[in-house]
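The values are calculated or read from the model by the stated rules, or taken from the named source; none is laboratory data. Note that the coordinates shown come from a computational prediction; the quantities given were computed from them, not determined experimentally. Virtual Cβ from ideal backbone geometry, glycine too; neighbours counted across all protein chains shown.
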Ligand code: PEP
Ligand code: MN
């Protein structure tokens, strides 16, 4: 179902007033995690003013260490929704367990499956049955074929609203947190009908590298970008080194628009 032959012109995924795979790039921005009402509201108003269409913010954080901040859970979804509504944005947040799908669906316009859960097949099937629009990230050590098979789990349950997100893969390189696989964008376009966006933040791991990676993704044909933006990254409870400030994000949007216009 995910293959290009099934839908040669490519699929469009529409979430309310936002379309992935259409003419316009979809820009999703917001903090790594929802931390409190003031933080997420500031982020929402700021990214909206700079031109984002959707707000991101983790409520259930899949952290490498069990001692790191794990997110505000359902309260995070609720605060994300409130901030998105205040700013006039749609919102997306991660689900790490099928038991949280009901809460996520109540508060979020789109749900995210993170890199660590790309092959959580029970979760993928449940999301397929839910029909909720989903952003499916690639696993750090998965092939593109495995990623498309993961998408197939969702599609085969009757949910066609799948958008892929390239977020970097693990390689021998240590200068970046992950290596952004820019080639995944044209490969996915060739083999699959699904829209694909790029996450330069989790690939870079470092603020200064986020903008050039996003520009590369857009030049390669991505349908949008999801980027981490925090009103005060130095006090961020997760991913402090890679989150853009609001002024950074304004500049970032200008550069992304230039590449999109030239592409
Ligand atoms: C995220 O986007 O919040 C996240 C945890 O990303 P990833 O699953 O790509 O590591
Ligand atoms: Mn993060």
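Collect the residues in region 45-78 that are more than 16 Å from residue 233 (Cβ to Cβ) and assigned to a helix (DSSP H, G or I), keeping them in residue-number order.
Within region 45-78, 45, 48, 49, 74, 75, 76, 77, 78 meet the criteria.
Filter region 79-93 for residues that are touching a helix residue (DSSP H, G or I) at 6+ places or on another chain (Cβ under 8 Å) and not in a helix (DSSP H, G or I) and give the result.
The answer is 88, 89, 90, 91, 93.
Scan region 53-68 for residues that are within 16 Å of the chain's Cα centre (by Cα) and within 15 Å of ligand 1 (Cβ to nearest atom) and jot them down.
54, 55, 56, 57, 58, 59, 60, 61, 62
Tell me the residue from 68, 98 that is in contact with a helix residue (DSSP H, G or I) (Cβ under 8 Å, 6 or more places away or on another chain) and at pLDDT 95 or above, please.
Among 68, 98, only 98 is in contact with a helix residue (DSSP H, G or I) (Cβ under 8 Å, 6 or more places away or on another chain) and at pLDDT 95 or above.
Conditions tested, residue by residue: (1) closer than 17 Å to residue 21 by Cβ; (2) within 13 Å of the chain's Cα centre (by Cα); (3) surrounded by fewer than 21 Cβ atoms within 10 Å (Cβ to Cβ).
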| position | (1), (2), (3) |
| --- | --- |
| 121 | no, no, yes |
| 131 | no, no, yes |
| 150 | no, no, no |
| 160 | yes, no, yes |
| 170 | no, no, yes |
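Looking at region 220-237, can you tell me whether even one residue there is within 15 Å of ligand 1 (Cβ to nearest atom), surrounded by fewer than 24 Cβ atoms within 10 Å (Cβ to Cβ) and assigned to a loop (DSSP other than H, G, I, E, B)?
Yes, region 220-237 contains a residue that is within 15 Å of ligand 1 (Cβ to nearest atom), surrounded by fewer than 24 Cβ atoms within 10 Å (Cβ to Cβ) and assigned to a loop (DSSP other than H, G, I, E, B).
Restricting attention to region 185-213, report how many residues are more than 15 Å from ligand 2 (Cβ to nearest atom), in a helix (DSSP H, G or I) and under 15 Å from the mean Cα position of the chain (by Cα).
Final tally of qualifying residues: 1.
Could you say whether any residue in region 247-258 is within 13 Å of ligand 1 (Cβ to nearest atom), closer than 30 Å to residue 37 by Cα and out of contact with any strand residue (DSSP E or B) (no Cβ under 6 Å at 6 or more places or on another chain)?
No.
With respect to residue 150, is the statement that it is touching a strand residue (DSSP E or B) at 6+ places or on another chain (Cβ under 9 Å), assigned to a helix (DSSP H, G or I), within 16 Å of ligand 1 (Cβ to nearest atom) and touching a residue at least 24 places away in the same chain (Cβ under 8 Å) true?
The answer is yes for residue 150.
Okay, residues lined up against (1) within 16 Å of ligand 2 (Cβ to nearest atom); (2) under 20 Å from residue 250 (Cβ atoms):
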{"site": "52", "(1), (2)": "no, yes"}
{"site": "56", "(1), (2)": "yes, yes"}
{"site": "63", "(1), (2)": "yes, no"}
{"site": "79", "(1), (2)": "no, no"}
{"site": "100", "(1), (2)": "no, no"}
{"site": "108", "(1), (2)": "no, no"}
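Considering only residues that are more than 16 Å from ligand 1 (Cβ to nearest atom) and assigned to a helix (DSSP H, G or I), look in region 13-43 and name the one that is nearest to residue 250 (Cα to Cα).
Out of the qualifying residues, it is 42.
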